[in-house]
Each structure stands twice: as C-alpha cells, then as structure tokens.
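For reference, the structure is listed below as structure tokens.
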Amino acid sequence: MKDLMEYIAKSLVEHPEDVQIHESGSGDRVRLELKVNAADMGRVIGKSGRVANAIRALLRVAAEQQGKQVTLDVLEP
Amino acid sequence: MNERPTLEIIAPTVEEALAKGLEQLGLTASDVSVEVLDTGSKGLFGMGGRQVRVRLSVNPPPGMGSPAKAAGQPSTASAPEREADAAPAAADIHDAVLDTTESVVSKLVHQLGFEAQVSAHYDGEDREGRRSIHVDVRGRDLSALIGRHSEILNAFQYVSSLMVGKEAKQFVQLVVDVEGFRARREKQLRQMAQRMADQALKMGRSVTLEPMSAAERRIVHMELQGHPAVITKSVGEEPRRKVTIAPKE
C-alpha cells in the first residue's frame with residue numbers, strides 16, 4: 001500500500017525527494033499519512049480535493065484486494 | 001540547417017494536414033515550411049480516394065519567440081524534435097508520449113494488484129482540435145478497476161492523466177478503457193438517450209436522467225443534438241449533475 005502511494009505521489013510532485021509516507025494501523029485497517037513539499041500540496045490535493053479523492057479511490061481498490069481498509073491523510077507541511 | 005525537424009502528415013486535405021501538423025508541433029504556420037508530397041486523389045464518390053501527404057519542416061528559430069520554454073527546463077527534447085523522430089504517418093504515430101503513457105499506466109495497474117496488458121494510441125481530434133490518448137487495459141478480473149458507476153475507472157483515468165502529464169512535461173488527456181467497458185457504456189447511453197427522448201415526447205414533459213459524469217452527459221447531449229423534437233440540458237451541481245430531456249416548445 002505504501003509502495004503504491006509512494007509511486008503515485010512521486011509521479012505527481014515537483015519535489016519527489018520531499019515525499020514522506022508513514023504507514024500505521026492494525027489488523028485490517030491501514031492508515032497512510034502523506035507529507036509533501038509545501039509547494040506540492042496543491043498537486044496531491046487538487047481543486048476541492050479532487051486529486052486526493054481519486055487517490056483514495058485507488059488505494060481502496062488495492063486495499064480491498066488484500067481484504068483491508070485504508071485511510072489517507074495529507075498532512076500540513 | 002539540413003537537420004531541421006520534419007513531420008509528415010496524412011489527411012484528407014492540405015489545410016487539414018497543415019492544421020494537424022501545427023497542432024502536434026505546437027507551432028504556427030509562420031514557423032514551418034510546407035511541402036506537398038502527395039496531392040491525393042478524389043476517388044469515386046469520395047470512396048477509395050488517396051489522402052493528401054504533406055511534409056512540414058520547422059524553420060530555424062529567429063532568436064526570439066521560439067516554441068519551447070527552453071529556459072529552466074531540464075529536458076531540452078522539445079516537441080519538434082521528438083515529433084520528428086516518430087512521425088511516419090499521422091494515423092500510427094507512436095511517440096515518446098505514448099511510450100510514457102504505456103509504462104506509467106502499466107506500472108500503476110500492477111501496483112494496484114492487477115495483471116493486465118496496456119496499450120495506448122492517439123484518438124481522432126475533437127471539435128476543438130485536441131487529441132486525447134486512448135489507453136486500453138486488457139486482462140482478467142478487472143471489474144474492480146471499473147467500480148460502481150465507473151467511479152474507480154474515472155479516478156484511475158484522472159490520476160494517470162496527471163502522472164503521465166507530469167512525466168511527459170505537457171498536458172495530456174487520457175481516456176482509459178478497461179476491456180471495452182467505455183465503448184459498451186457509450187452504446188448503452190445512446191440507446192437510453194433515444195428511449196428517454198421518446199418517453200419525454202409521449203408524456204409531453206421533461207425527463208431527468210440519473211446523475212452522470214461530464215463525459216457521459218456529453219454523450220447524451222451529442223446523441224440528441226440532431227433530434228428534431230427534444231432539447232437537452234444539464235441541471236444540478238457536480239457530482240450530481242443530470243441531463244434533462246424536454247420536448248421542444
């Protein structure tokens with residue numbers, strides 16, 4: 001799950017070196033926290049959160065294949 | 001000056017070929033020289049005719065107003081150069097952007113946990129002269145990649161458009177299809193549009209369809225555009241915007 005998030009995030013931002021992902025959670029719940037460069041916040045969130053919601057939809061599909069539930073939080077830099 | 005980038009284009013008319021070529025190169029008519037290689041032939045009743053073939057050569061930049069924003073761009077492989085490398089015929093150009101599309105989308109599909117083959121080609125131009133890239137994803141058990149109301153497929157299409165656009169350093173519009181789903185859906189929408197138009201006329205009042213994405217609403221509008229007795233419009237706010245079909249006054 002973390003690999004998927006990392007691949008997507010690094011492909012969207014201007015500063016891939018600043019992408020940080022923290023994975024936590026227990027059992028079948030996974031929580032991802034994404035940190036990017038302040039200048040890239042717009043790229044991973046999008047207008048009205050459109051990009052972030054699309055990413056959440058994709059994470060959900062990947063999680064379902066493993067019988068898990070995933071939440072994504074984009075953290076303020 | 002002999003190695004000026006060139007691009008060969010095949011189209012029904014010289015004008016169309018020129019417009020198409022300039023669009024691909026991102027240049028204006030004053031930036032290129034045009035050479036007509038084949039004037040084509042009309043054919044009988046417009047059938048079996050040969051299309052026109054033209055070659056565009058990019059003029060050396062006059063120092064200012066050069067097409068690419070070269071300053072500060074890490075990649076100097078600007079559009080004219082890339083296009084020139086891979087432009088035997090407009091219909092089957094397979095350039096660096098398509099390569100990027102295939103590799104990015106295929107990696108994303110695999111990361112999502114699916115086994116599938118990915119192939120990309122350019123779509124025909126739309127009314128505004130833009131070309132989108134059609135991406136076919138084929139494999140087994142891909143229904144999870146479509147999702148309910150194609151929610152997942154649309155998310156996948158949106159995210160991969162952004163990823164490819166970033167990688168290719170230009171805006172790209174991808175249309176991602178999984179196992180021919182979009183084509184089937186389009187046919188279904190067209191049939192439904194006609195059926196609902198009939199119903200609107202029979203009942204003498206407007207009929208509202210279920211909420212749809214902009215792309216799907218567009219299909220309905222286009223289908224009924226030429227209809228003699230009904231008009232269509234979209235009402236409501238995204239993401240619950242819907243098409244209504246009403247009898248003409």
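Each reported figure results from applying straightforward, stated rules to the coordinates on display, with no laboratory input. Given the structure is predicted, the values throughout are model-derived calculations rather than measurements. Here the Cβ is made from the backbone with ideal geometry for all residues, glycine too, and neighbour counts use every protein chain on show.
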Original post:
With a 10 Å Cβ neighbour count serving as the proxy for reagent exposure, in which order, fewest first, do A:Arg43, B:Arg241 appear?
Top reply: B:Arg241, A:Arg43
**OP:** Just need the relative contact order of chain A here, percent rounded to a whole number, with Cα pairs under 8 Å and 6+ apart.
**Re:** 33
Original post:
What list of ³J(HN,Hα) values in whole Hz, one per residue of the range A:21-34 in order, does the Karplus curve 6.51 cos²θ - 1.76 cosθ + 1.60 (θ = phi - 60°) give from phi, with Gly and Pro shown as x?
Top reply: 10, 10, 10, 9, x, 9, x, 9, 9, 10, 10, 10, 10, 10
Subject >> Least to most buried among B:Met163, B:Met203, A:Met1, B:Met222 (fewest other Cβ within 10 Å first) >> reply: B:Met203, B:Met222, A:Met1, B:Met163
**OP:** Determine ³J(HN,Hα), in whole Hz, for all residues of the range B:162-170 in sequence, where each value follows from phi through the Karplus function 6.51 cos²θ - 1.76 cosθ + 1.60 and θ = phi - 60°; x replaces Gly and Pro.
**Re:** 5, 5, 5, x, 5, 5, 7, 6, 7
Original post:
Quick one: Karplus J couplings for the range B:226-240, per residue in order, coefficients 6.51, -1.76, 1.60, θ = phi - 60°, nearest Hz, x for Gly and Pro?
Top reply: x, 5, x, 10, 10, 10, 10, 8, 9, 10, x, 10, 4, x, 10
Original post:
Helix A:50-65 versus the longest principal axis of chain A: what angle, 0 to 90°, nearest 10, using Cα atoms?
Top reply: 30
**OP:** Starting from the amide H of B:Val230, placed 1.01 Å from N in the peptide plane, find each other amide H under 5 Å away whose residue is 5 or more places distant or on another chain.
**Re:** B:Lys248
Subject >> Label-point separation in nm, A:Ser24 to B:Arg241, each point 7 Å along Cα→Cβ >> reply: 4.0
Original post:
Can you flag which of A:Lys47/B:Lys166; B:Lys20/B:Lys242; B:Lys20/B:Lys169; A:Lys47/B:Lys242; A:Lys47/B:Lys187 are past 24 Å Cα-Cα?
Top reply: B:Lys20/B:Lys242; A:Lys47/B:Lys187
Subject >> A:Val70 long-range amide H proximity, modeled H, under 5 Å >> reply: A:Val30
**OP:** For chain A, find the longest principal axis of its Cα atoms and tell me its angle to the long axis of helix A:2-12, 0 to 90°, nearest 10.
**Re:** 20
Original post:
Considering amide H positions built from the backbone, and no H for Pro or chain starts, which residues 5 or more places from B:Gly113, or on another chain, come under 5 Å of its amide H?
Top reply: none
